[in-house]
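The values are calculated or read from the model by the stated rules, or taken from the named source; none is laboratory data. Everything numeric in this text was worked out from a predicted model, so none of it was measured. Please note: Cβ atoms are built from the backbone with ideal geometry, for glycine as well, and neighbour counts cover all protein chains shown. Surface accessibility is based on the protein's heavy atoms, side chains included, excluding ligands, DNA and RNA. Shrake-Rupley method; radii C 1.70, N 1.55, O 1.52, S 1.80 Å.
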Amino acid sequence: MSSTQEYIRFLAFDYGEKRIGVATGNSLTTNTQALTILNCQNDQPNWTQIEAIVNEWQCQAFVVGLPLNMDSTEQVITKKAKKFGNRLHGRFGLPIFFHDERLSSVEVREYLFDMGGYKKVNQEIDAFAAELILQSFFEEHSSTLKKPSEC
C-alpha cells in the first residue's frame, strides 16, 4: 500500500441571505475547522472575500449546505443555496457538493451554548454550522474519501 494518500482540502459554506458561514477540512484526516462569517448585501456575498479564502486555504472542492424542509422538499432558500454553489463552481472551476443541512443550526446552538453561552452562540453559529455540514459530509462519504493506511 502506498505511503502517500490523496489529500483534498474542502471549503464548506452555510449559505444565508445575510451571512455565510465558512469552514475547512480535508479528506485525509477528516478534521474540520470553523473559519469565519461573511456578510451579504442584497443576498449577495462579497466574492473578493470568498476568493481570498479560496486562495488562502488552497481548496480543491466545495461543500454547500442544502437547507431542506423536514419532508425533504425544497424551500426558497434551497434554490438560493444551489445558485450560490453553482456560482462558486462557475467562478473557481472546482467541484461542488451539496449536502443536506437539516437541523445543523439546532445542533450548533446546543454545542456552542455548552461551550460558552448565548453570546458565543450568536457570534459564531454560521461558521460552526458550516463546520458541522462538512463533518456530516465526511461521515456520509467516509467510504469514498481517502484515509491514511493503517501500519
Name the GluC sites (Glu not before Pro) in segment 1-82 that are in a loop by DSSP and that have at most 11 other C-beta atoms within 10 Å, would you? Glu6
If amide H atoms are built 1.01 Å from N in the plane of the peptide, which residues on other chains or at least 5 residues away come under 5 Å of the amide H of Asn46? none
Quick one: which residues, 5+ away or cross-chain, put their amide H under 5 Å from the amide H of Leu68? H built at 1.01 Å from N. Glu101, Arg102
Calculated from backbone phi, Karplus (6.51, -1.76, 1.60) coupling profile of segment 7-14 in Hz, x at Gly/Pro: 10, 10, 8, 9, 10, 10, 10, 9
Keeping every protein chain present and rolling a 1.4 Å probe, give me the accessible area per residue for segment 1-94 in Å². 54 Å²
Residues with amide H under 5 Å of Leu28's amide H, sequence separation 5 or more or different chain, H placed in the peptide plane at 1.01 Å from N; which? Ile8
Using per-residue counts of other Cβ atoms within 10 Å, averaged over each peptide, order 32-44, 77-89, 127-139, 57-69 from highest down. 127-139, 57-69, 77-89, 32-44
